[in-house]
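The values are calculated or read from the model by the stated rules, or taken from the named source; none is laboratory data. Since the model is a prediction, treat every value here as computed from it, not as a measurement. Neighbour counts run over all protein chains shown; Cβ positions are idealised from the backbone, glycine included. SASA here: full protein model, heavy atoms, side chains in, ligands and nucleic acids out. Shrake-Rupley method; radii C 1.70, N 1.55, O 1.52, S 1.80 Å.
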Amino acid sequence: MNNKPTIAVIGAGLGGAAAGALLQQAGYPTKVYEQAPAFARLGAGIHLGPNVMKVMRRIGIEEKLNAMGSHPDYWFSRNGMTGEYQSRIPLGEFARENYGAAYITVHRGDLHELMVSTLDQDNLFFDKRLVDVDDSGDKVVMTFADGSTEEADLVIGADGVNSRLREKLLGPEAPIYSGWVAHRAIISAEKLKAYDLDFEACVKWWSEDRHMMVYFVTGDEKEYYYVTGVPEPDWNHGTSFVDSSREEMRKAFEGYHPTVQALIDCTESVTKWPLLERNPLPLWHENRLVLLGDACHPMKPHMAQGAAMAIEDAAMLVRCLEEVGAENYQQAFELYRTNRFERASRVQQVSHDNTWLREDEDPAWVFAYDPFEVPLKQPTSQ
Ligand code: FAD
């Protein structure tokens, strides 16, 4: 008989999907609740470093991702105006040999679809927006927007930057608007053939206060993608993104290198997203509730490690439950926090500063990390 506790994961984003898959694999009766009625393939890409690919190996989708993604040999940083190289960070074979897995770039929608497909589909519930939790008894009672209630022994808040679970633990507080936006566009590589320019597999174009990160999102290199960081003092749109335009992009990147101008010329549609952050939270868990990913450490995306941190969290959380025994869940949650807080906070800070790989540096502390193998630090007694 399975005497493992029942677990509810709130949110089937990248962190929630990873947590759900790893918990189900480890034999925890786990249900995943997602507010969206379904997922769409939004136009965006994502980097998956070797640190994430090691978790994907455990989930059982590493090979599929390797086949699906683009495998850049380098991360290049270049001066946005002159094109001069500021850093050449070896990835490709070097990453596989030195960090233990590949570094790939993929379409976010393809990744998400694949991750969600690894969940037990009978225990994945869409259109379920959590509105309240009552953690005062020996089960947590969750109430959803449709009026239904469900129970679980433990509840994981993987519900993103505006987490309802975080609000329950720490009270209402809007995330901080960083003062920067990100434009995102996918470009057909076919269009780029008209230019006598080199479109590199993974390159970040920098100037003082803004940048454009560019990479392929499919292994066949048919879809090229850019994501920017551009200062914009206020965000008053009240939505998670708005449409932008070629004209706006031309203005934002005036004077940039011809390669960047070509990307803007080839842009058919582009969206603009506010970049939100929080300062490190004083509380990651209480009683039967625990947070992971953007629910507890949202960050600017400038290290391409936000989802990576959510996925590493999921792996570490499951490891700690197994290590301590889930009946001692409060101890397991504290072990999890102890082993994630410093790393997630450091990644938040470097992402905020937007210095990652701008010049040559050793990225091993990020890429070589393996949440399943890293020696565990024990909590100091409270
Ligand atoms: P989310 O992905 O936000 O998922 C939360 C889920 O919870 C959503 O599906 C949501 O619908 C659901 N939800 C919310 N509230 C409720 C509720 N009340 N009830 C039920 N469900 C709920 N990261 C990288 O690692 N690499 C990159 O290259 C990268 N690029 C980025 C580019 C941009 C422009 C941005 C903005 C972010 C980028 N990130 C990147 C960061 C990454 O997107 C986030 O850190 C990551 O999505 C966090 O995952 P999560 O599962 O914690 O939260």
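Listing for the model above:
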{"item": "The one condition in (1) open to solvent by less than 80 Å² (accessible area, probe 1.4 Å); (2) in contact (Cβ under 8 Å) with a residue 24 or more places away in the chain; (3) touching a Pro at 6+ places or on another chain (Cβ under 9 Å); (4) within 22 Å of residue 366 (Cβ to Cβ) that residue 92 fails to fulfil", "result": "(2)"}
{"item": "Test: residue in the stretch 191-198 that is of a type in the set (Lys, Arg) and loosely packed, with under 13 Cβ neighbours inside 10 Å", "result": "yes"}
{"item": "Checklist (1) out of contact with any His (no Cβ under 8 Å at 6 or more places or on another chain); (2) buried (at least 22 other Cβ atoms within 10 Å of the Cβ) applied to residue 14, failing item", "result": "(1)"}
{"item": "Number of the condition not met by residue 14 [criteria: (1) touching a strand residue (DSSP E or B) at 6+ places or on another chain (Cβ under 9 Å); (2) more than 11 Å from the ligand (Cβ to nearest atom); (3) in contact (Cβ under 8 Å) with a residue 60 or more places away in the chain]", "result": "(2)"}
{"item": "Residue in the stretch 289-311 that is within 18 Å of residue 184 (Cβ to Cβ) and away from the ligand (no atom under 13 Å from the Cβ) present", "result": "no"}
{"item": "Number of positions in the stretch 66-100 that are more than 11 Å from residue 204 (Cα to Cα) and small (Gly, Ala, Ser)", "result": "6"}
{"item": "Test: residue in the stretch 103-110 that is of a type outside the set (D, E, K, R), out of contact with any helix residue (DSSP H, G or I) (no Cβ under 9 Å at 6 or more places or on another chain) and in a loop (DSSP other than H, G, I, E, B)", "result": "no"}
{"item": "Residue identified as modelled with pLDDT under 95 and not β-branched (Val, Ile, Thr) among 40, 36, 67, 26", "result": "40"}
{"item": "Wholly within the stretch 246-357, helices (runs of 4 or more DSSP H) carrying at least 1 residues that are within 16 Å of residue 379 (Cβ to Cβ) and open to solvent by less than 60 Å² (accessible area, probe 1.4 Å)", "result": "306-324, 329-353"}
{"item": "Complete set of residues in the stretch 256-288 that are away from the ligand (no atom under 11 Å from the Cβ) and of a type in the set (Val, Ile, Thr)", "result": "259, 260, 264, 267, 270"}
{"item": "Complete set of residues in the stretch 156-178 that are open to solvent by less than 70 Å² (accessible area, probe 1.4 Å) and more than 11 Å from the ligand (Cβ to nearest atom)", "result": "169, 170, 171, 175, 177"}
{"item": "Of residues in the stretch 116-151 being open to solvent by less than 40 Å² (accessible area, probe 1.4 Å) and under 22 Å from the mean Cα position of the chain (by Cα), the one farthest from residue 41 (Cα to Cα)", "result": "130"}
{"item": "Single unsatisfied condition, residue 102 versus (1) touching a residue at least 60 places away in the same chain (Cβ under 8 Å); (2) crowded, with 17+ Cβ neighbours inside 10 Å; (3) closer than 26 Å to residue 259 by Cβ", "result": "(1)"}
{"item": "Where residue 42 falls short, out of the listed (1) in contact with a Leu (Cβ under 8 Å, 6 or more places away or on another chain); (2) surrounded by fewer than 24 Cβ atoms within 10 Å (Cβ to Cβ); (3) under 30 Å from residue 92 (Cβ atoms)", "result": "(1)"}
{"item": "Residues of the stretch 216-245 satisfying the condition of being in a loop (DSSP other than H, G, I, E, B), among the hydrophobic types (A, V, I, L, M, F, W, C) and in contact with a helix residue (DSSP H, G or I) (Cβ under 9 Å, 6 or more places away or on another chain)", "result": "217"}
{"item": "Flag if residue 213 is among the aliphatic types (A, V, I, L, M) and in contact with a helix residue (DSSP H, G or I) (Cβ under 7 Å, 6 or more places away or on another chain)", "result": "no"}
